[in-house]
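Novice: Handing you this structure, nothing more for now.
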């Protein structure tokens, strides 16, 4: 293994992974999962196309690159492609573009209607990379683009600033031209596997249209749901409220809604062309169906963890349990670190020796990190809430009593399962599959017992009470610890997950399916 990126763009890989904002540059559960898949299938070769927002997102890999990765290429979605088209006479190009823009308008109308056909998907591929594609330069400068955008603008609410609308459309579609260029020069592969919908999923759709090779999609968290949460908080989208026209119940500006519809459209197109779509648990599967996925192509494949490394650090029978609560995760708004900090004030009032450790990278959102540190200071918690930075979970588990999450969104958090393997119970918010992990899924699973507690989001007091309940009662803690170990060993061992993906890769490469380790969900 090495942190040096292999570059062999002409070598055909068994699987090309399409990764947006994750491995090998960003730490987190999805990155850990990607590494698991690559290392767990040493007989397969992989290439990686990494998509980041800007060049600073891809300066230094934070993971070593497994030896069976033959190629890695990195692209900034904000790279400028604004070059004048190298064509013959402009009037001749305009005649050809007229048909392309008519097709483009029809494609957008099809998306708005919610009806996706093969013609729609082929149409988008033609608009982006056909014989006479629309270019970045066209979007900004061509009369036909101006007319197309203006027609859509006239459908918007009165009073919307055209300048804001134009630059929203420009910002939204700019990355699409980057993706089109990537697809034109992508490394050959037997199949493409995107680990989200969004931009990576749309790239997968373009690649499938171009090459005819299969496309698989794995969603840990639902991309569209996460973008909705992000867009509700960002301050770079101009608000367009008019108190005389907009009701008090409207929660989001028109331009935010435009962005959300855009990401929903990318998701629907990705679902429509995928051979199979995988997710982690039943709640996600239902959301995918609601967002337009074909139910017959959906499949649940739970996360899995390597049991042995964490079993080796389990606390000996009868050992003291320190009053230390560990939140292992990135310091970012979606993890709602501020609720954790406020809960620690309540916990300390009852257990003066208690500590809350924030264990994870602090550089993804420096402004939010600073806000969290200021909150710690304002609540006089400097000796209680400790920012540990990134640490290896296996080294942290022997030092903590509980693994906790105060997130507003999760999929099926690997860190909870890793804690279970180390015998550490969990307290989480009721998001994603956390309740399934704590209490079980099937009747047999639920009979194992509770592996911790689940509380509502953004409720510091209820979170603190759940934590205190386990810390004050050694018998309950040990019961939860035993349930955690049994559940992860029975249902979430990584060899089951790896075997399922091995079979999926084999099946979609045109070879016989060996076996199925897909978990039945009641």
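Laboratory data are not the source of any read-out in this text; all were calculated from the coordinates shown. These figures come from a predicted structure and were not determined experimentally. FYI the Cβ positions are ideal-geometry reconstructions off the backbone, even for glycines, and counts take in every protein chain you see.
Novice: Can you figure out the FRET efficiency of residue 167 with residue 443, using R₀ = 60 Å and their beta-carbon distance, to the nearest 0.05?
Specialist: 0.65
Novice: Where does each of 448-455, 158-165, 500-507 land if you order them by average Cβ count within 10 Å, highest first?
Specialist: Ranked from most to least packed, the peptides come out as 448-455, 500-507, 158-165.
Novice: Return one number: the angle in degrees, 0 to 90 and rounded to the nearest 10, between the long axis of the Cα atoms of helix 254-273 and the longest principal axis of the Cα atoms of the chain.
Specialist: Between the helix axis and the principal axis of the chain, the angle is about 90 degrees.
Novice: Further question: Could you order peptides 166-178, 397-409 by the average number of other Cβ atoms within 10 Å of their residues, highest first?
Specialist: Descending packing order for the listed peptides: 397-409, 166-178.
Novice: At 0.36 nm per residue, and after removing the present C-alpha to C-alpha distance, how many nm does the segment from residue 297 to residue 102 gain when stretched out fully?
Specialist: So the chain would gain 67.0 nm between residue 297 and residue 102.
Novice: Of all DSSP beta bridges located in the chain, what percent are antiparallel, nearest 5?
Specialist: Of those bridges, close to 0 percent are antiparallel.
Novice: Report D for the stretch 13-76 in µm² per second (integer): Stokes-Einstein, Kirkwood Rh on Cα pairs, 4 °C, 1.567 mPa s.
Specialist: 111
Novice: Where Rh denotes the Kirkwood radius from the mean inverse Cα pair distance, what is Rg over Rh for the chain?
Specialist: That ratio equals 0.99.
Novice: Same structure again: If we sort 369-382, 422-435, 256-269 on the protection proxy, mean other Cβ atoms within 10 Å, highest first, what's the order?
Specialist: My ranking of the peptides, most packed first, is 422-435, 256-269, 369-382.
Novice: I would also like to ask the following. Taking the alpha-carbon centroid of each part, what is the distance from the stretch 437-462 to the stretch 4-78 in angstrom?
Specialist: 34
Novice: With a ≥ b ≥ c the root eigenvalues of the C-alpha gyration tensor of the stretch 314-419, is it rounded (a/c under 1.5), prolate (a/b larger than b/c) or oblate? Before the final figure, lay out each step's value.
Specialist: Working: a/c = 1.87, a/b = 1.19, b/c = 1.57.
Oblate, because a/c is 1.5 or more while a/b does not exceed b/c.
Novice: Reported to two decimal places, what Rg/Rh ratio describes the stretch 307-492 when computed on Cα atoms with Rh from the Kirkwood expression?
Specialist: 0.94
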